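Student: First, the structure itself, so that you have it in front of you.
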Amino acid sequence: MAIESDKLRDRLDRATAHLDPPYAVVDLTAFDANSAALADRAAGKPVRLASKSVRSRELIGRALARPGWQGVMAFTVPEAIWLVRAGLSDDVLVAYPSADRAALTELAADPTLAAAITLMIDGTGQLDFIDAVRAPGQRAELRLCLDLDASWRPLRGVHVGVRRSPVHSARAAGALAAAVAGRAGFRLVGLMSYEAQIAGLGDAPPGRTLLAGAIRLAQRGSYRELLARRGAAVAAVREHADLEFVNGGGTGSVAATSADPAVTEVTAGSGLYGPTLFDAYRAWRPTPAAFFACSVVRRPTPELATVLGGGWIASGQAADSRLPRPWLPAGLKLVGTEGAGEVQTPLSGAAAATLRVGDRVWFRHAKAGELCERVNELHLVEGDAIVATVPTYRGEGHAFL
């Protein structure tokens, strides 16, 4: 492992020797290998790409061009419109309900966009909102997807998973589908259920054996319950709508979700970059593909090296797991009293004593696409050379959320 780490560091250093940090790179060999592995794990079912986990049009297109990948899951309506108008995809599912008046008005007024973009709903209030912002007399049919809550409720008052849709039971799903069927200007074409407590929660947290056991037990129980409930919900919805797709999963559950006979496609995205949150999974760990570099600028003690910047913190529950991880050279650690700082990050560990002012330290972000909110471009590396430099969403002037 140490030899492989040294080789990777040497490749990245040589490829970027002419650049001044901070900057971000994507190792295309690892990116493509992760893409192929995710498609293989889907066992023949299409993989829809979660754009929030990539946030670069060029790399979204690169993944979609590979076998097994089909369609995009966007996170806002303006982003979906942008991707369709750019010709990147004619099949974009918006993962969350929207109250963006301007974007919904634009969508409803353009038949090409309306045919390519599917909106997410979990209640009739969203239909009321869309009708209120449409132009008078405009009732062009809009595509809809029903968001089925995938959380597990094993006991009264116990909620395992994220707080998403209020639609939890098959009966509720059928009732909402019936309501959509009775509304002019809408067509229900899909159902989605994201099992975050399985797909987005690592089952092997380092050094926490008891917690790992509890997570695995909960995931097994949740999966069995969802398998039955999702199947019943799909059947209830199909009584009122001709579903084109049933979407589920995420990088952490591609294989398990694909095995559900009710599911027709799975979603993945984070596994293309391989951020640190996925180091805590047993079933499959992506090869780290995305990194950012910071420069050593001072040596406060012989045992410490300090880099400029580095505090690129991930979203979610505030915890050490959301901090970026110093990755190369191997053996570096954040200092507990300072963590990853806005303008400087001190590092300890055996490797710190070997670093000189001007050396690079390579970090990995905790989450995938959020790295791209910090940089305007990604340098794409093959071997020990940069083969292309491509813009992120931010580099193209967009911050969709």
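Student: Would you look at the GNM of the chain, springs on alpha carbons closer than 10 Å, and say which of R187, R208, R156 moves the most?
Tutor: The residue with the greatest mean-square fluctuation here is R156.
Student: So, with +1 on the Cβ of K and R and -1 on the Cβ of D and E, and no other charges, what is the size of the charge dipole of the chain about its Cα centre, to the nearest 20 debye?
Tutor: For this selection, approximately 900 debye.
Student: Which far-off residues, 5 or more places away or on another chain, put their amide H under 5 Å from the one on L378, with H placed in the peptide plane?
Tutor: V390, T392
Student: Got the relative contact order for region 205-328 handy, in percent, Cα pairs under 8 Å and 6 or more residues apart?
Tutor: Answer for region 205-328 is 14 percent.
Student: So between V158 and A65, what do we pick up on full extension, going 0.36 nm a residue minus the alpha carbon distance?
Tutor: Once the chain is fully extended between V158 and A65, it gains 29.3 nm.
Student: Something else now. Just need the relative contact order of the chain here, percent rounded to a whole number, with Cα pairs under 8 Å and 6+ apart.
Tutor: Values: 868 pairs, mean separation 81.4, N = 401.
Dividing the mean separation by the residue count of the chain yields 20 percent.
Student: If amide hydrogens are placed 1.01 Å from N in the peptide plane, which non-local residues have theirs closer than 5 Å to the one on Y23?
Tutor: So Y23 has HN proximity to A293.
Student: Over the Cα atoms of the chain, compute the convex hull volume and normalise it per residue, giving Å³.
Tutor: 142 Å³
Student: Hey, another quick one. If amide hydrogens are placed 1.01 Å from N in the peptide plane, which non-local residues have theirs closer than 5 Å to the one on T118?
Tutor: HN-HN under 5 Å from T118: V92, L93, V94.
Student: Averaged per residue, what accessible area in Å² does region 206-327 show with a 1.4 Å probe, protein chains only?
Tutor: With the other protein chains kept in place, region 206-327 gives 43 Å² per residue.
Student: Treat region 252-401 as a sphere of radius equal to its Kirkwood radius over Cα pairs and apply Stokes-Einstein at 10 °C in a medium of 1.306 mPa s; give the translational diffusion coefficient in µm²/s, rounded to a whole number.
Tutor: For these conditions, the coefficient is 94 µm²/s.
Student: To continue, here is another question. Rounded to the nearest 0.05, what FRET efficiency do R216 and E4 give with R0 = 25 Å and r taken as the Cβ-Cβ distance? Could you check?
Tutor: 0.30
Student: Quick check: residue separation of L19 and A99 times 0.36 nm, minus the Cα distance between them. What number comes out in nm? Please list the in-between numbers first.
Tutor: On the way: separation 80, 0.36 × 80 = 28.80 nm, distance 4.17 nm.
Stretched fully, the L19-A99 segment lengthens by 24.6 nm.
Student: Name the residue, out of T251, T16, T124, whose mean-square fluctuation peaks in a Gaussian network model built on the chain with Cα pairs under 10 Å.
Tutor: Highest fluctuation of the listed residues: T124.
Student: Another question, then. Quick one: Cα convex hull volume of region 88-236, Å³ per residue?
Tutor: Taking the convex hull of the Cα positions in region 88-236, it is 132 Å³ per residue.
Student: Let me ask you something else. Can you tell me the Rg and the Dmax, both Å, for the Cα atoms in region 312-401?
Tutor: 14.9, 41
Student: Name the residues of region 175-191 whose amide N is less than 11 Å from a point 7 angstrom out from the Cα of E141 along the C-beta direction?
Tutor: Backbone N within reach: 185-189.
Student: Now for a different question. Can you tell me the FRET efficiency between V343 and R238 if r is taken as the Cβ-Cβ distance and R0 is 51 Å, rounded to the nearest 0.05?
Tutor: So the FRET efficiency works out to roughly 0.35.
Student: Among residues other than L308 whose Cβ falls under 15 Å from its Cβ, what is the net charge (Lys/Arg +1, Asp/Glu -1)?
Tutor: +1
Student: Further question: When the chain is modelled as a GNM with alpha-carbon springs shorter than 10 Å, which of P136, P67, P275 fluctuates the most?
Tutor: With Cα springs under 10 Å in the chain, the top fluctuation among P136, P67, P275 is at P136.
Student: When the C-alpha atoms of region 329-380 are aligned to their principal axes, what extent does each axis show, in angstrom, from largest down?
Tutor: Principal extents (Cα only, largest first): 31, 25, 19 Å.
Student: Need one number: convex hull volume per residue for region 279-330, Cα atoms only, in Å³.
Tutor: Residue-normalised Cα hull volume stands at 128 Å³.
Student: For helix 209-238, what angle does its Cα long axis make with the longest principal axis of the chain, in degrees from 0 to 90 and rounded to 10?
Tutor: The helix 209-238 is inclined about 30 degrees to the chain.
Student: Return the Rg/Rh ratio of region 1-157 with Cα-based radii and a Kirkwood Rh.
Tutor: Details: Rg = 20.3 Å, Rh = 18.5 Å.
Reported Rg/Rh (Cα atoms, Kirkwood Rh): 1.10.
Student: Let me ask something else. Roughly how many debye, to the nearest 20, is the charge dipole of region 170-312 about its Cα centre, given +1 on each Lys and Arg Cβ, -1 on each Asp and Glu Cβ, and no other charges?
Tutor: Charge dipole, region 170-312, about its Cα centre: 280 debye, nearest 20.
Student: Let me ask something else about it. Could you tell me what percent of the accessible area of region 1-102 is made up of carbon and sulfur, with a 1.4 Å probe and every protein chain present?
Tutor: 53 percent
Student: Something else: So, how do all the Cα-to-Cα distances of region 135-201 break down into 5 Å bins, in percent, from 0 on up?
Tutor: Using 5 Å bins, I get a P(r) of 4, 15, 22, 19, 14, 11, 8, 4, 2, 1 for region 135-201.
The values are calculated or read from the model by the stated rules, or taken from the named source; none is laboratory data. Here the structure is a predicted model, which is why all the values come from computation and not from measurement. Every residue, glycine among them, receives a Cβ derived from its backbone with ideal geometry; neighbour counts consider all protein chains shown. For the accessible areas, the whole protein counts, side chains as well, though only heavy atoms, and no ligand, DNA or RNA atoms are used. Shrake-Rupley method; radii C 1.70, N 1.55, O 1.52, S 1.80 Å.
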